[in-house]
Amino acid sequence: MRDQILGCILGGAIGDALGGPHEGKRPPVEISDNDEWRLSDDTQLTLATCEAISSCGGDTDTIASIAGKVMGALIGRGRLPEEMIARAPERGPVEAIAGAFAESMNFYE
């Protein structure tokens, strides 16, 4: 799991740096070797969140939420345990918003 978490955070930082010069543009964009890579506030906020969580001293709902997000990203919606999905509070609105977000990412496929 450590490797997946590191891959998630580092991959996000790489994507942030790579996309930074093209912020606000709609895909497709032309990526150049001459683009200056730098981290934006997106990665800085991610790292600050990671630092806050790792020093929170056992805030179980936050830790469980992060663990669930990592698990969901790792295995996908289709492999989440159905009994847990059925118990999810406000499942309808959560899935509607998540679905709309996922649809907005289709241009990456």
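Every number here is computed from the coordinates shown, using simple stated rules; none is lab data. As the structure is a prediction and not an experimental result, all values here were calculated from the model. When we count neighbours, we look across all protein chains shown, and the Cβ atoms used for this are built from the backbone with ideal geometry, even at glycine.
A few comments on the model shown:
- Total formal charge among the other residues, if their Cβ is under 12 angstrom from that of His22, Lys/Arg +1 and Asp/Glu -1: -3
- Computed from Cα atoms, the angle from the helix 91-104 axis to the main principal axis of the chain rounds to 20 degrees.
- Total charge dipole magnitude, the chain, about the Cα centre, Cβ charges on Lys, Arg, Asp, Glu only, Debye to nearest 20: 340
- 0 to 90° range, to nearest 10: angle between helix 60-75 axis and the chain longest Cα axis: 70
- Full extension of the chain between Glu30 and Glu51 gives 4.2 nm of extra length, using 0.36 nm per residue less the Cα-Cα distance.
- Residue-span extension gain [Ile63 to Trp37] - 0.36 nm each, minus C-alpha spacing: 6.3 nm
- Pairwise FRET efficiency - Arg87 versus Gln44, Cβ, R0 = 35 Å, nearest 0.05: 0.50
- Three-way shape call for the chain based on the alpha-carbon gyration tensor, with the a/c threshold at 1.5: oblate
- Distance between the 7 Å Cα→Cβ label points at Val70 and Asp3: 1.4 nm.
- Sequence-distant contacts, meaning Cα pairs under 8 Å at least 6 residues apart, place the relative contact order of the chain at 22 percent.
- The trypsin sites (Lys or Arg not before Pro) of the stretch 1-42 that DSSP puts in a loop, and whose beta carbon has at most 15 other beta carbons within 10 Å, are Lys25, Arg38.
- For the chain, with +1 on Lys and Arg beta carbons and -1 on Asp and Glu, the positive-most of Ala98, Ala48, Trp37 along the dipole: Ala98
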